[in-house]
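Asker: Next up is a structure, given as structure tokens.
The values are calculated or read from the model by the stated rules, or taken from the named source; none is laboratory data. Please read all numbers here as calculations on a predicted model, not as lab measurements. Here the Cβ is made from the backbone with ideal geometry for all residues, glycine too, and neighbour counts use every protein chain on show. Just so you know, the surface numbers come from the protein's heavy atoms only, side chains and all, with ligands and any DNA or RNA stripped out. Shrake-Rupley method; radii C 1.70, N 1.55, O 1.52, S 1.80 Å.
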Amino acid sequence: MNVVSHKQNQKPGIALIIVMLVIVSLAALAGTFAASMKVETVLVRQADGDRELEWLCRSGVEFARFLVGQQATIALEPYDSLNQRWAGGPGVTNSPMQSFSLTNQLGNGSFTVRIVDWERFFNINSAADRKHPTGRQALEIALTQMEVENPDKNIIVDSILDWRDADSDSSLNGAEMDYYANLSKPYLPKNGPIDDLSELLLIRGVTPEMYWGTNAPVTLGGSTGEEPKGYPMSLRDFFAPMSTGYININTASDKVLQLIPGIDAALAISILRVRAGPDGVDGTGDDTPFRNVAELATIGFGRETIERVRRLLSVKSATFAVEVEAELEGRKRRMHAVLHRSSATDVKILVNHRQ
Ligand SMILES: [Ca+2]
Ligand SMILES: [Ca+2]
């Protein structure tokens, strides 16, 4: 009897212990669950933020498309110039473009666009084209302006032409497969058009200082104690990988204008002086951009010279590089795009990638 009652007393005891164990493990489970939920929530919020930043960047690219498209609808401005809104200028007086800002709030974030037309540069693929009437000369003038001296200058010019031409015949100072295949980290020459200007860094003779100029990234280690040679200008100040091939006299620098045969330093400065208006500064309210290439006659270009440069110069641009910076709750993201404008309603995105 005693034994039985002992057993009967023992059963609820065990049950209680089991219940308590279950509760403890449930509580532990719930705790883990709550913690993982918290992590998930943070992750979801982060992912939402990432997505929002991505869309802010994409909105920036769309906004840039809209701006350069709208600019082309304005009949009173049959040109592209630095005082216009897309270029960061105040906008031509009474232009409807004045109401737009390059920085815009959207939702909880904002984006800022910076637009640079590539018709302000010489097209590197024209320069590297053996058939282009003034391409080689443009490379030579640019390297001279950069203070690159011979023999480096000859090596670089020939090597750029070899890089782009389809054949594998090395020119006098150039480089083809036999050169690149024997480098410590070998690669093949392009033998085709340059898609990205940084490809120049792969070409024989071109140094990072020549490409980046004063913005050259600091190289660590391997220093010989010698300061790398600095250049007053860089290849990026002269060339772009894509454009119509015409140089826009309303946006090009005086140095780029001098790549055109027949335009010396004095004429190039005159072009800048005229378009910059009375204050002498490009991109301000008093600018007077050229409305057509024939207007160069007003600053001493002869009729023959105008006929010759007409094939190389324009007052309009069609290729626009866009940098977008989006910001959301203190976090930033950048996106890069290249636009091609065929008309006001046809602005295509040629390149678009995150940075
Ligand atoms: Ca070649
Ligand atoms: Ca001005």
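Asker: When you look at Ser343, is it surrounded by fewer than 14 Cβ atoms within 10 Å (Cβ to Cβ) and under 30 Å from Asp195 (Cα atoms), yes or no?
Answerer: Yes: the conditions hold for Ser343.
Asker: Shifting gears a bit: Please count how many residues of the range 68-86 are over 20 Å from the mean Cα position of the chain (by Cα) and not small (Gly, Ala, Ser).
Answerer: Adding up the residues that qualify gives 9.
Asker: With (1) over 28 Å from Gly69 (Cα atoms); (2) more than 16 Å from ligand 2 (Cβ to nearest atom); (3) surrounded by 18 or more Cβ atoms within 10 Å (Cβ to Cβ) as the list, and Ala321 as the residue in question, which single condition is left unmet?
Answerer: Of (1) over 28 Å from Gly69 (Cα atoms); (2) more than 16 Å from ligand 2 (Cβ to nearest atom); (3) surrounded by 18 or more Cβ atoms within 10 Å (Cβ to Cβ), only one is false for Ala321: (1).
Asker: Turning to a different aspect of this structure: Restricting to the range 148-169, and then to whatever is in contact with a Ser or Thr (Cβ under 9 Å, 6 or more places away or on another chain) and within 10 Å of ligand 1 (Cβ to nearest atom), can you tell me which residue is farthest from Ile203 (Cα to Cα)?
Answerer: Asp165
Asker: So, one more: Quick one: what pairs do we get from the range 284-305, first residue closer than 14 Å to Glu77 by Cβ, second of a type in the set (Phe, Trp, Tyr) and open to solvent by less than 60 Å² (accessible area, probe 1.4 Å), C-beta under 7 Å, 6+ apart or different chains?
Answerer: Once the first residue is closer than 14 Å to Glu77 by Cβ and sits in the range 284-305, its partners that are of a type in the set (Phe, Trp, Tyr) and open to solvent by less than 60 Å² (accessible area, probe 1.4 Å) give Pro289/Tyr79; Phe290/Tyr79; Arg291/Tyr79.
Asker: Sort out which residues of the range 287-311 are of a type outside the set (D, E, K, R), exposed (fewer than 14 other Cβ atoms within 10 Å of the Cβ) and at pLDDT below 90, and write them in order of number.
Answerer: Gly300, Gly302, listed by residue number.
Asker: Of the conditions (1) farther than 19 Å from Tyr211 by Cβ; (2) aliphatic (A, V, I, L, M); (3) in contact (Cβ under 8 Å) with a residue 24 or more places away in the chain, Leu161 satisfies every one except a single condition; which number is it?
Answerer: (1)
Asker: Does the range 193-203 contain any residue that is away from ligand 1 (no atom under 15 Å from the Cβ), under 22 Å from Ser243 (Cα atoms), outside any helix (DSSP H, G or I) and of a type in the set (Asp, Glu)?
Answerer: yes
Asker: Report yes if Leu82 is in contact (Cβ under 8 Å) with a residue 40 or more places away in the chain and aliphatic (A, V, I, L, M), otherwise no.
Answerer: Yes, satisfied.
Asker: Just one of Ser126, Ser101, Ser81, Ser110 is at pLDDT 95 or above, open to solvent by less than 10 Å² (accessible area, probe 1.4 Å) and not β-branched (Val, Ile, Thr); which is it?
Answerer: Checking each option against the conditions leaves just Ser81.
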